[in-house]
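*Asks:* My questions all concern the structure below.
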Amino acid sequence: MHVMEGFLPTPWWQVWFAISIPVIAFGIYKMNKLVNEKREILPLLAVAGAFIFVLSSLKLPSVTGSCSHPTGTGVAAIIFGPAISAVLGVIVLLYQALFLAHGGLTTLGANVFSMGIVGPVVAYLVYKTGMKANLNFYLVVFLAATLGDWATYVTTSVELALAFPDPTGGFVTSFGRFATVFALTQVPLAIMEGAVTALLFKYVINVKSDVLVELKVVEESVVRKLRGLSS
Amino acid sequence: MTNILDDYALMSPLRYRNNWLKLTIVAFGLLAGVSAYSPIPPFFIALCMSFATVFLGKTPFRFYLKLLLAPLGFAAVGVLIIAFFSGTGAELYSFRLASYPLTVRADGLELAMLVLARSISGMCCLYFLALTTPMIELFSVLKKSGLPGSVVELSMLIYRYIFVFLDMAVQIKFAQTVRLGYGNFKKSFRSFGMLGSTLFIRSWDQGEKLFVSMNSRCYDGKMTMFETRRPVKLPELLLTSAYFLSTLTLFYLTRGVSII
């Protein structure tokens, strides 16, 4: 969910930039290290970024009838981890602002924080814990993508509530209002995206699982078990 | 299916103007708009930028209007929340919705109008940049701005592959649609999952091919770029300074003015 250009007033858009920039710098540092080690990773990162952009520009089949685009960050976080997802997120969000008019330039910091940092971190943590707990792979992917999306939407509500606090109830009241109104579309949307992401991984495991094994996303044994069950 | 703003930027006559000048204009508009205390300067900025985009940049007017309406959904929801719930001043209008009182107060409405004006002016500035400057012109700017080389390179490659994959996605989607793949909710759900995964697998293949082809052309981790020199012309400079000065004057004059 993108915060629109010009929506955040003066102290707040700078604050979100200030919070996001160190994280992005760390992500770039990690990415440079990875690229120096394995040169073939850069083209793969590039196609992954383009994939996220294209996926997020497609319309999800939606129940509520609202305009709904998947964020695609869940996929990136599961495959590349949160640090690199953040770098990809910045580039993709910049392109979304310039090509599709989703989000904006002054609000880029806030959008990067919610969609490029918090969402992927939550998705990654959920994925890692779920896999450790030996849950079903598809269930874990579903949970990771859904919870990542919810985290994004809660963060966006926090950003808006901090910028426009209620005069009497302050931040908490205002947060409740933004969160309730956006929940109408975002809660079912996140569930949809989680399900689509799980389906996506199912097809990828069936056709090209070696990619996921190579990137250490899933273990060889898990793939074998999943394929044995599904075929 | 997807109309990317970049397509229009490639055709715009303003494409051949100095990139730094355009970026300065946009940065000025964004900053002035977002730090305004009255809806009037953002409104003025929006008008000027729209004029520049439509008349100087030759963007089709109807298309531009449609673009302006697109992000208003988010704006409307946010602005309504602000209008109804913030403010402590005099009541302007109130009604009850399921025994829950909703009240618009003067200062709440003022704030909502201000946020709406800021958003619209920001959108107009963003559209000016997006509709007159194709991304390929901005890469040299990105490189000069001191960003790490790997990030610039990554964004160039992403830019290139966005178009390849968009074509692919549109083709797959058409193929699925004519086979009634989006007939009902369950089918469209399945189709969408297949579309996503096919796209992922194909893009992965493409990435491996790209690495091989770049390596065989002696790729050593650097891509050089050519930047055309486009000096700023006097009329452009005059127009820009006139715009800056009038915005700043308006900014100063409307500091304490409220419109309600």
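*Asks:* All other residues with a Cβ under 12 Å from the Cβ of B:Phe139 taken together, and with Lys, Arg as +1 and Asp, Glu as -1, what is their net charge? All intermediate terms of the calculation are to be shown ahead of the outcome.
*Replies:* On the way: positive: B:Lys143, B:Lys144, B:Arg160; negative: B:Glu137, B:Glu153, B:Glu227.
So the surrounding residues net to 0.
*Asks:* Please tell me the relative contact order of chain A in percent, rounded to the nearest whole number, where contacts are Cα pairs under 8 Å and at least six residues apart. List each step's numbers first, then the result.
*Replies:* Numbers: 306 pairs, mean separation 50.4, N = 231.
Here the relative contact order equals 22 percent.
*Asks:* Over the Cα atoms, compute the radius of gyration (one decimal) and Dmax (the largest Cα-Cα distance, rounded to a whole number) for chain A, in Å.
*Replies:* Calculated on Cα positions, Rg and Dmax stand at 17.9, 59 Å.
*Asks:* For segment B:123-192, which trypsin sites (Lys or Arg not before Pro) are both in a DSSP coil and crowded by at most 11 other Cβ atoms within 10 Å? Show your work: numbers first, answer last.
*Replies:* Details: sites: B:Lys143, B:Lys144, B:Arg160, B:Lys173, B:Arg179, B:Lys186, B:Lys187, B:Arg190; in loops: B:Arg179.
Sparse-neighbourhood loop trypsin sites (Lys or Arg not before Pro): B:Arg179.
*Asks:* Tell me the angle of helix A:170-214 to the major Cα principal axis of chain A, expressed in degrees between 0 and 90 and rounded to the nearest ten.
*Replies:* 20 degrees
*Asks:* Just to confirm the number: angle between the C-alpha axis of helix B:234-253 and the first principal axis of chain B, 0 to 90 degrees, nearest 10?
*Replies:* Here the helix axis deviates by roughly 40 degrees.
*Asks:* Could you identify which residue out of A:Met31, A:Met115, A:Met192 has the top mean-square fluctuation in a GNM of chain A using Cα springs shorter than 10 Å?
*Replies:* Result: A:Met31 has the largest fluctuation of those listed.
*Asks:* Further, regarding this structure: For chain A, what is the calculated [θ] at 222 nm in deg cm²/dmol (nearest 500), taking -39500 (n - 2.57) for each run of four or more DSSP H residues and dividing by its residue count? Spell out each step's value before the answer.
*Replies:* Values: 9 runs with 168 residues, N = 231.
Per the formula, -25000 deg cm²/dmol.
*Asks:* Would segment B:196-260 count as rounded, prolate or oblate if I go by the C-alpha gyration tensor, calling it rounded below 1.5 in a/c and otherwise prolate when a/b exceeds b/c, oblate otherwise?
*Replies:* oblate
*Asks:* While we're on this one: Counting partner chain Cβ atoms within 10 Å of every residue's Cβ in B:113-123, what's the average? Kindly include the intermediate steps, with their values, before the conclusion.
*Replies:* Working: counts 0, 1, 7, 2, 1, 8, 8, 3, 2, 9, 5.
Taking all residues of B:113-123 together, the mean is 4.
*Asks:* Scan chain A and hand back the longest stretch that contains none of the trypsin sites (Lys or Arg not before Pro) lying in DSSP loops with at most 10 other Cβ atoms within 10 Å. It would help to have the intermediate numbers written out before the result.
*Replies:* Details: sites that count: A:Lys38, A:Lys216.
Formally, the longest exposed-site-free interval is A:39-215.
*Asks:* Take the alpha carbon gyration tensor of segment A:13-134, find the square roots of its eigenvalues, order them as a ≥ b ≥ c, and report rounded if a/c is under 1.5; if not, report prolate when a/b exceeds b/c, else oblate. Walk me through the numbers on the way to the answer.
*Replies:* Numbers: a/c = 1.42, a/b = 1.17, b/c = 1.22.
It comes out rounded by the Cα gyration axes.
*Asks:* Which order do A:Thr146, A:Thr168 take by accessible area at a 1.4 Å probe, largest first?
*Replies:* Numbers: A:Thr146 5, A:Thr168 125 Å².
My answer, sorted largest first, is A:Thr168, A:Thr146.
*Asks:* Under a Cβ-Cβ cut-off of 11 Å, what is the net charge of the residues other than A:Ala195 that fall near it, where Lys and Arg count +1 and Asp and Glu count -1? All intermediate terms of the calculation are to be shown ahead of the outcome.
*Replies:* Values: positive: A:Lys202, B:Arg190; negative: A:Glu193.
Residues close to A:Ala195 contribute a combined charge of +1.
*Asks:* Another one. GNM on chain B, C-alpha springs below 10 Å: top fluctuator among B:Ile201, B:Ile136, B:Ile158?
*Replies:* Fluctuation is largest for B:Ile201.
*Asks:* Would you count, across segment A:10-230, every pair of lysines whose alpha carbons are under 17 angstrom apart, provided the pair is eight or more residues apart or spans two chains?
*Replies:* So the count of such lysine pairs works out to 11.
*Asks:* Run the reach check for B:Lys144 against lysines, Cα to Cα strictly under 21 Å, same-chain hits fewer than 8 apart removed. What comes back?
*Replies:* Filter leaves B:Lys22, B:Lys222.
*Asks:* Across peptide B:204-215, what mean number of C-beta atoms from other chains lies inside 10 Å of a residue's C-beta?
*Replies:* Working: counts 7, 3, 6, 12, 5, 2, 6, 8, 2, 1, 4, 3.
Per-residue shielding by partner chains comes out at 5.
*Asks:* Now a separate question. How many partner chain Cβ atoms sit within 10 Å of a residue's Cβ in peptide A:93-104, on average, as a whole number?
*Replies:* The shielding value for this peptide is 6.
*Asks:* Which of rounded, prolate, oblate describes segment B:140-216, given a ≥ b ≥ c as roots of the alpha-carbon gyration tensor eigenvalues and a/c under 1.5 marking rounded, otherwise prolate only if a/b is larger than b/c? Walk me through the intermediate numbers first.
*Replies:* On the way: a/c = 3.47, a/b = 2.32, b/c = 1.50.
In terms of gyration-tensor shape, prolate.
*Asks:* Right, something else. By how many degrees, between 0 and 90 and to the nearest 10, does the Cα long axis of helix B:149-178 differ from the longest principal axis of chain B?
*Replies:* The two axes meet at around 90 degrees.
*Asks:* When you have a sec, figure out the Kirkwood radius of chain B from all distinct Cα pair distances and drop it here in Å to one decimal?
*Replies:* Numbers: mean 1/r = 0.0451 Å⁻¹.
When all Cα pairs of chain B are included, the Kirkwood radius is 22.2 Å.
*Asks:* Quick one: P(r) of the protein assembly as shown from all Cα-Cα pairs, 20 Å bins, percents rounded to integers, in order of increasing distance.
*Replies:* The calculated distribution, bin by bin, is 22, 54, 22, 1.
*Asks:* Could you identify which residue out of B:Val170, B:Val79, B:Val178 has the top mean-square fluctuation in a GNM of chain B using Cα springs shorter than 10 Å?
*Replies:* Highest fluctuation of the listed residues: B:Val178.
The values are calculated or read from the model by the stated rules, or taken from the named source; none is laboratory data. Quantities reported herein were computed from a predicted structural model and do not represent experimental measurements. Heads up, the Cβs are rebuilt from the backbone with ideal geometry, glycines too, and the neighbour counts pull from every protein chain shown. These area figures cover heavy atoms from the full protein model, side chains too; ligands, DNA and RNA do not enter into them. Shrake-Rupley method; radii C 1.70, N 1.55, O 1.52, S 1.80 Å.
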